[in-house]
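Inspection log for the structure reproduced underneath, given as structure tokens.
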Amino acid sequence: MAARKRVKCTRVWPLLWLCVRLSETNITRVSMDDVVLQPYASGHGPSHSHRHVRDCQSVTHGNSTHESWPSSNHSGRPVAESTVFVSDVLGSSTWVYGHMTVVHDPLRTVSVLEPGGPGGCNMNLRVSVKETAEAAGCLYAQNAGFFNTESGACLGNVVNDGKMVQDSGGVQNAQFGIRRDGSLVFGYLSQEEVLDQSNPFVQLVSGVVWLLRNGEVYINQSLQAECDKTQETGSFRSFVNVVSARTAVGHDAEGRLILFHIDGQTGKRGMNLWEMAVFLKKYRVINAINLDGGGSSTFVVNGSLASYPSDHCIPDGRWRCGRNVSTVLCVHRRRCQPENCSGHGDCVDGRCRCEDGWQGAACDSLVCQPAACQPHGFCTANGCVCNAGWRGQNCSQECLPGFYGDGCNQTCSCVNGGSCDPVLGRCACPPGFRGNTCEQACPLGFFGPSCAQECQCDDLCPCDPQTGSCNVTQGGETNDTLHRAGHCLAKQMFSSWRREEDARREQPYLTERTWLLLTVVLASLLSASLMVHLVRACPGSVASHFPERRDYSYVPLANINGAASRSRDDGGKRRGGGLEMDDSDSQDEIWSPRAGRS
């Protein structure tokens, strides 16, 4: 028959579906779920507390209700070795067929899978071991935990690759788990132990009945610890005593994980739990718990069914079909945790090959530890990176003289005894010198470190450039400098004075000769003016022999416009001196110097 694929989808939320790809043949065959081997009539696990389990166990076990064993880590060996056996049952005439698989590196090669893949338990899916194993790439796989036959819900604790899928709430059934440090755990766990994050579980699944504890059959104690009070003589004890197909998980003294599976049919062939415990003890198994059995018992190799299921098929009962179950124990190729090696390495045959500067199984730890570099540096993949001014593998040594910067890998160029700042590389100059490299001597008048102080000597005399002392005899070079400076200064002062004098002479003032000429001219004019006045003032002088000059006339305004007629008589009297008046309209009286003096 030609094989083909089909997809099974389950509604999760109103708009969300989870689909699982299933393989089928042209004739669809589904398990009848003939006889379901259930330990409890209803629910899963006892109702009593973990304290009850602890108090009722043997005193030899103390307060611990579980056993922890370091797992093996044989990376040089194959992932697992599986053996097919056909063996007689001790104390019985029956024979059984089954598989025993020894896993050499459980931490990196064993996973608890949800049905159909991640999210299967949350969706109450039931998928065959073959389908789940094929999708996950399992080398070997067998069914694991119990499930609700009506709803399909996974029962008990489930942790898959470090993810808590579901918590049973402290229900006391036998547990199998692998912690982060690789230790294998078998037995009864409190809810606090299940949720503990100091060394969390990376794989965890619930079974029913602790078969072997420390190499001894532990079924009677399990009946007391796991059996509910209402079922002490009911279905739980029948579950233990009936022969059927069985599945179990345990470990040997080397810490190798043992997967155990036998074929059978409930009430007809197979083993009961007592017989299985004795069989495992014979093969030196130390601790082991019982997993789901009956028609659920299935073993798959490389994606192919390798066992003989007990359930009949629908629609043809002549065939046997594997039952759809919940969780699956999967043995796969070595994987790194995490698979990307924390981004700092490559996964090679299940081990992280770390890049330079990183270490640890997950390449998540720096080779140098941050505390080792502090407080003068920080840790990187290349080791400690030191702050400026510090050096050494742990950044604990200061820079040597003449060096500075990050890791002290830069050199200073200070001269004349200058010291280098180990952080910035700046030169601290000694007294008497300055400059970036202390190559310049202090200028005259300054002294001290970096020439930052000014001399306080009288007359602005220079001081000692190192101490600032004014009582100092300058050296030959300094004296020569001072002599040259003084000569230069005097010459510059004289030149400046000459320039100022020349500037004054060039101003537009009157010369002495001009002033003398002006004085003579003015004196002459004053003398001539004086002589003229003296001649006029003296009687009988030469000026009196000259006739009078009539330089101008005076006509009073009162005689204008007919005023002459009223004053003619008076005018004639005043002009008795022999002067005659003109009858013109424009002149009543003519004044002359002579008339003025009458």
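With the structure loaded, tell me whether THR467 is open to solvent by 80 Å² or more (accessible area, probe 1.4 Å), assigned to a loop (DSSP other than H, G, I, E, B) and over 30 Å from PHE378 (Cα atoms) or whether it fails that test.
Details: open to solvent by 80 Å² or more (accessible area, probe 1.4 Å): yes; assigned to a loop (DSSP other than H, G, I, E, B): yes; over 30 Å from PHE378 (Cα atoms): yes.
For THR467, the condition - open to solvent by 80 Å² or more (accessible area, probe 1.4 Å), assigned to a loop (DSSP other than H, G, I, E, B) and over 30 Å from PHE378 (Cα atoms) - is met.
Only one of these is closer than 27 Å to HIS332 by Cβ, touching a strand residue (DSSP E or B) at 6+ places or on another chain (Cβ under 8 Å) and surrounded by fewer than 24 Cβ atoms within 10 Å (Cβ to Cβ): VAL285, VAL249. Name it. Outline the logic, then answer.
Details: VAL249 fails: surrounded by fewer than 24 Cβ atoms within 10 Å (Cβ to Cβ).
Going through VAL285, VAL249 in turn, the sole match is VAL285.
Out of THR83, THR65, THR101, I need the residue that is β-branched (Val, Ile, Thr) and over 30 Å from THR149 (Cβ atoms). Which one?
Of THR83, THR65, THR101, the one residue that is β-branched (Val, Ile, Thr) and over 30 Å from THR149 (Cβ atoms) is THR83.
Going through region 426-455 one residue at a time, which ones are buried (at least 19 other Cβ atoms within 10 Å of the Cβ) and more than 12 Å from GLY468 (Cα to Cα)?
Residues satisfying the conditions are CYS427, CYS429, PHE433, ARG434, CYS438, SER450.
Quick check on CYS451: is it assigned to a loop (DSSP other than H, G, I, E, B) and within 44 Å of the chain's Cα centre (by Cα)? Don't jump to the end; show me each part of the working.
Values: assigned to a loop (DSSP other than H, G, I, E, B): yes; within 44 Å of the chain's Cα centre (by Cα): no.
No; evaluated as a whole, the condition is false for this residue.
Give HIS74, HIS50, HIS66, HIS104 a once-over and let me know the one that is within 24 Å of ARG246 (Cβ to Cβ), in contact (Cβ under 8 Å) with a residue 24 or more places away in the chain and out of contact with any Lys or Arg (no Cβ under 6 Å at 6 or more places or on another chain).
Among HIS74, HIS50, HIS66, HIS104, only HIS66 is within 24 Å of ARG246 (Cβ to Cβ), in contact (Cβ under 8 Å) with a residue 24 or more places away in the chain and out of contact with any Lys or Arg (no Cβ under 6 Å at 6 or more places or on another chain).
Going through region 51-64 one residue at a time, which ones are touching a helix residue (DSSP H, G or I) at 6+ places or on another chain (Cβ under 7 Å), surrounded by 11 or more Cβ atoms within 10 Å (Cβ to Cβ) and not aliphatic (A, V, I, L, M)?
Hits for region 51-64 are CYS56, GLN57.
Looking at the structure I just gave you, is ILE262 over 22 Å from ILE178 (Cα atoms) and at pLDDT 95 or above?
Values: over 22 Å from ILE178 (Cα atoms): yes; at pLDDT 95 or above: yes.
Against the criterion (over 22 Å from ILE178 (Cα atoms) and at pLDDT 95 or above), ILE262 qualifies.
Exactly one of these conditions fails for ASN173: (1) farther than 27 Å from ILE286 by Cβ; (2) touching a helix residue (DSSP H, G or I) at 6+ places or on another chain (Cβ under 8 Å); (3) not charged (D, E, K, R). Give me its number.
Going through the list (1) farther than 27 Å from ILE286 by Cβ; (2) touching a helix residue (DSSP H, G or I) at 6+ places or on another chain (Cβ under 8 Å); (3) not charged (D, E, K, R), ASN173 breaks only (1).
Out of SER183, SER198, which single residue is among the hydroxyl-bearing types (Ser, Thr, Tyr) and within 24 Å of MET100 (Cβ to Cβ)?
SER183
For ALA371, indicate whether it is outside any strand (DSSP E or B), over 30 Å from ASN124 (Cα atoms) and open to solvent by 30 Å² or more (accessible area, probe 1.4 Å).
yes
Taking region 356-381, which residues are in contact with a helix residue (DSSP H, G or I) (Cβ under 9 Å, 6 or more places away or on another chain) and acidic (Asp, Glu)?
Across region 356-381, the qualifying residue is only ASP364.
When you scan region 131-203 for strands (runs of 3 or more DSSP E) that lie fully inside it, which ones turn up with 3 or more residues that are within 41 Å of the chain's Cα centre (by Cα), at pLDDT 95 or above and crowded, with 20+ Cβ neighbours inside 10 Å?
Correct list: 158-160, 175-179.
Out of the residues in region 504-539 that are assigned to a loop (DSSP other than H, G, I, E, B) and at pLDDT 60 or above, which is most open to solvent (accessible area, probe 1.4 Å)?
Here is the first cut: in region 504-539, the ones assigned to a loop (DSSP other than H, G, I, E, B) are 506-511, 538-539.
Right, trim to at pLDDT 60 or above and you get 506, 509-511, 538-539.
Details: GLU506: 147, TYR509: 170, LEU510: 96, THR511: 80, CYS538: 70, PRO539: 127 Å².
Here the residue is TYR509.
Among residues belonging to region 339-371 that are free of Cβ contacts under 8 Å to residues at least 24 places away in the same chain and under 21 Å from PRO78 (Cα atoms), point out the one that is farthest from the chain's Cα centre (by Cα).
Of all residues in region 339-371, those free of Cβ contacts under 8 Å to residues at least 24 places away in the same chain come to 339-343, 345-348, 352-354, 358-360, 363-371.
Applying the additional criterion that residues be under 21 Å from PRO78 (Cα atoms) yields 339, 346-348, 352-353.
Working: GLU339: 24, ASP346: 24, CYS347: 26, VAL348: 30, CYS352: 25, ARG353: 25 Å.
Going through the qualifying residues, I end up with VAL348.
Among the residues of region 209-246, what is the count of those that are part of a loop (DSSP other than H, G, I, E, B), buried (at least 17 other Cβ atoms within 10 Å of the Cβ) and of a type outside the set (Ser, Thr, Tyr)?
Total meeting the criteria: 6.
Could you pull out the residue among GLU81, GLU67 that is of a type in the set (Asp, Glu), in a strand (DSSP E or B), open to solvent by 50 Å² or more (accessible area, probe 1.4 Å) and in contact with a strand residue (DSSP E or B) (Cβ under 7 Å, 6 or more places away or on another chain)?
Within the list GLU81, GLU67, the selection yields GLU81.
What are the residues in region 95-127 that are touching a Gly at 6+ places or on another chain (Cβ under 7 Å) and either open to solvent by 20 Å² or more (accessible area, probe 1.4 Å) or aromatic (Phe, Trp, Tyr) (or both), if any?
Residues satisfying the conditions are LEU107, ARG108, ASN124, ARG126.
I'd like the full set of residues that are without any contact (Cβ under 8 Å) to a residue 24 or more places away in the chain and aliphatic (A, V, I, L, M), limited to region 85-100.
Selection gives VAL86 alone.
Looking at CYS395, CYS384, CYS363, which one is under 30 Å from VAL348 (Cα atoms), in contact with a His (Cβ under 6 Å, 6 or more places away or on another chain) and either of a type in the set (S, T, N, Q) or open to solvent by less than 80 Å² (accessible area, probe 1.4 Å) (or both)?
Details: CYS395 fails: under 30 Å from VAL348 (Cα atoms); CYS384 fails: in contact with a His (Cβ under 6 Å, 6 or more places away or on another chain).
Every option except CYS363 fails the conditions.
The values are calculated or read from the model by the stated rules, or taken from the named source; none is laboratory data. Remember, predicted model here, so these are calculated numbers, not experimental data. In this analysis, Cβ positions are derived from the backbone assuming ideal geometry, glycine residues included, and neighbour counts consider all displayed protein chains. Side chains are part of the model used for accessible areas, which takes the heavy atoms of the whole protein and leaves out ligands, DNA and RNA. Shrake-Rupley method; radii C 1.70, N 1.55, O 1.52, S 1.80 Å.
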